[in-house]
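K.L.:
There's a structure below that I have some questions on.
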Amino acid sequence: MATIRPFKAYRPCEAYVSKIAALPYDVYNRAEAVEVVKNNPDSFLAIDRAETSFPPEVDTYDDRVYDKARELLDSWIAEKKFIQEETPCYYIYEQVMDGRSQKGIVACASIDDYANNIIKKHENTRADKELDRIRHVDTCSAQTGPIFLAYRSSDRVNEIVKAVVSTTPVYDFASEDGIIHRVWVIREEDRVSELCQLFAQMNAIYIADGHHRCASAVKVGMKRRQENPSYTGEEEFNYFLSVLFPSDELAIMDYNRVVKDLNGLSKEDYLKRISQDFTVAEAAAPVKPEKKGQFGMFLDGKWYVLEAKEALMSEDAVKGLDVSILQDYLLGPVLGIGDPKTDKRIDFVGGIRGLSELERRVSQDMEVAFSMYPTSIYELFGVADADLLMPPKSTWFEPKLRSGLFIHQI
């Protein structure tokens, strides 16, 4: 039983929404973030990455950076750049990319559901990556970047969403990358109550993207509980900002691999080695895999189609993933990539960059590239349901949720 509740969001007034809405904080390095804020001082990145207000010699994690984030957030609210709902609401957030629409329900999820594994994870988090967002959330006393959650599609939820999006949205704008963003507010008590009940009937919800943001929000909530031993569970710090999408509207993109060298093998020896576990055939054009167990490979100016032999396929939730098959039977034993999380000889290229990026990397600083068939959302569910973890860089979600459209004060 999941507790997914409405909340009184702070959200941009319409005149500012297209300026404020920003890509997630971790999409940019510091120099890129500085440039974005310089060109658009109203970008929410000014708050999410408040080091942009300081010269380079001020450390990204300096106390003054987090204090500045709080100062900016408070001043933007005081200046009426944001408005707040009078009653707890759900929101629908639609994104349209290349003609494909995904519509999520913006709400607050329970930190207890995360702790009790009703909200399921599929990857580990690193404490050093959590610490920055813990300090940001705690100092601002607000969650600013929503967690991307997924649930198994519900006919009745879909009916409610369809009815709401037939009305006029409160926001409708296109971001610089061409993605359309629309938002509706669900205030009606009967709809709010029914959605709450429908989510309560779900016994599992899944983190699709944002594991570190989620873990950070939960840890701040637990910290606030320690600081307030008489807490009731109803306080806002017991919940974290989320957007929940139905499984049938989500598309995971390929997450491709490039490797620096052939681990001391000649091209001929390398091709001979991989032919033990994969059928290898030259291709006349760039290879975008069309099914599970199929991989593209770019080597020495040529594309190849690799097909995993039947013996490699597995019903195991993790071992059966294409990213696992490539790692376990080629990257590891042939190319010597023992731990892809730490090995400097491998890099990962999001599918949004296209196959030409793989060719570019091989011509520039790598020797071989692999294009992948995307992991499916149901494979993700299977791994999480088995309480297992995916290999690193298994999924790439697009479009990214914008920060600053919804703020949850705790």
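No value in this document is a laboratory result; all are computed from the given coordinates. What you are looking at is a predicted structure, and each value in this text was computed from that prediction instead of being measured. Neighbour counts are summed over all protein chains in view; Cβ atoms, including those assigned to glycine, are modelled from backbone coordinates with ideal geometry.
K.L.:
Mind giving me the nanometre distance, one decimal, between the label points for Val27 and Asp59, set 7 Å out from Cα along Cα→Cβ?
P.N.:
Result: 2.9 nm between the two label points.
K.L.:
Go through region 266-311 and name the trypsin sites (Lys or Arg not before Pro) that are in a DSSP coil and have 16 or fewer other Cβ atoms within 10 Å of their Cβ.
P.N.:
Within region 266-311, the qualifying trypsin sites (Lys or Arg not before Pro) (loop, at most 16 other Cβ atoms within 10 Å) are Lys291, Lys292, Lys309.
K.L.:
For Glu86 and Asp74 in one chain, what is 0.36 nm times their gap in residues minus the Cα-Cα distance, to one decimal in nm?
P.N.:
Going from the current span to full extension adds 2.5 nm.
K.L.:
Roughly how many debye, to the nearest 20, is the charge dipole of region 255-373 about its Cα centre, given +1 on each Lys and Arg Cβ, -1 on each Asp and Glu Cβ, and no other charges? Could the numbers behind the result be given before it?
P.N.:
Details: 17 positive and 20 negative charges, 48 e Å.
That gives a dipole near 240 debye.
K.L.:
Apply the a/c threshold of 1.5 to the C-alpha gyration tensor of region 58-137 and tell me whether it is rounded, prolate or oblate. If you can, show how the numbers build up before the last one.
P.N.:
Values: a/c = 1.66, a/b = 1.12, b/c = 1.49.
Taking the square roots of the gyration eigenvalues as a ≥ b ≥ c, region 58-137 is oblate.
K.L.:
At a Förster distance of 25 Å, what's the computed FRET efficiency of Glu307 paired with Ala284, Cβ-Cβ distance as r, to 0.05?
P.N.:
0.90
K.L.:
What is the order of Thr168, Thr375, fewest Cβ neighbours within 10 Å to most?
P.N.:
Thr168, Thr375
K.L.:
Full extension from Leu388 to Glu268: what is 0.36 nm times the residue separation minus their Cα-Cα distance, to one decimal in nm?
P.N.:
That pair, Leu388 and Glu268, stretches by 39.5 nm at full extension.
K.L.:
If you don't mind, another one. Rounded to the nearest 20 debye, what is the charge dipole size of the chain about its Cα centre when +1 sits on each Lys and Arg Cβ and -1 on each Asp and Glu Cβ?
P.N.:
Around 120 debye, computed over the chain.
K.L.:
First check a/c for region 187-262, with a ≥ b ≥ c the square roots of the eigenvalues of its C-alpha gyration tensor; if it is under 1.5, answer rounded, and if not, answer prolate when a/b is larger than b/c or oblate otherwise.
P.N.:
Because a/c hits 1.5 or more and a/b fails to exceed b/c, region 187-262 counts as oblate.
K.L.:
Now for a different question. I'd like the distance between the alpha-carbon centres of region 218-262 and region 1-34, rounded to an integer number of Å.
P.N.:
Spelled out, the Cα-based centre of one part sits 14 Å from the other.
K.L.:
Also, I was wondering about something else. Would you give the gap between the C-alpha center of region 41-64 and the C-alpha center of region 285-344, rounded to a whole Å?
P.N.:
Centre-to-centre (Cα) distance: 40 Å.
K.L.:
Of Lys162/Lys400; Lys272/Lys302; Lys219/Lys393; Lys267/Lys309; Lys68/Lys121; Lys19/Lys121, which ones are farther than 28 Å apart at the Cα?
P.N.:
Values: Lys162/Lys400 22 Å; Lys272/Lys302 16 Å; Lys219/Lys393 24 Å; Lys267/Lys309 21 Å; Lys68/Lys121 32 Å; Lys19/Lys121 33 Å.
From Lys162/Lys400; Lys272/Lys302; Lys219/Lys393; Lys267/Lys309; Lys68/Lys121; Lys19/Lys121, over 28 Å: Lys68/Lys121; Lys19/Lys121.
K.L.:
Which is the longest part of the chain that has none of the GluC sites (Glu not before Pro) sitting in a DSSP loop with at most 14 other Cβ atoms within 10 Å? Don't jump to the answer; show the numbers that get you there.
P.N.:
Numbers: sites that count: Glu14, Glu57, Glu79, Glu86, Glu176, Glu188, Glu234, Glu235, Glu290, Glu315.
Longest gap between qualifying sites, sites excluded: 316-410.
K.L.:
In the chain, if the dipole is taken from +1 on Lys/Arg beta carbons and -1 on Asp/Glu beta carbons about the Cα centre, which of Gln95, Val334, His181 is farthest to the positive end?
P.N.:
Val334
K.L.:
Does region 255-373 come out rounded, prolate or oblate by the C-alpha gyration tensor, with a ≥ b ≥ c the root eigenvalues, rounded set by a/c under 1.5 and, if not, prolate when a/b is larger than b/c and oblate if not? Numbers along the way, then the final one.
P.N.:
Working: a/c = 1.23, a/b = 1.19, b/c = 1.03.
Taking the square roots of the gyration eigenvalues as a ≥ b ≥ c, region 255-373 is rounded.
K.L.:
Can I ask one more? Are there trypsin sites (Lys or Arg not before Pro) in region 85-160 that DSSP puts in a loop and that have at most 15 other Cβ atoms within 10 Å, and which ones?
P.N.:
Arg126, Arg152
K.L.:
Given a Förster distance of 51 angstrom, what is the FRET efficiency for Ser363 paired with Gln226, based on the Cβ-Cβ distance and rounded to 0.05?
P.N.:
0.40
K.L.:
Here's another thing I want to ask about it. Along the three principal axes, how long is the chain when you take its alpha carbons, biggest first, rounded to the nearest angstrom?
P.N.:
68, 52, 43
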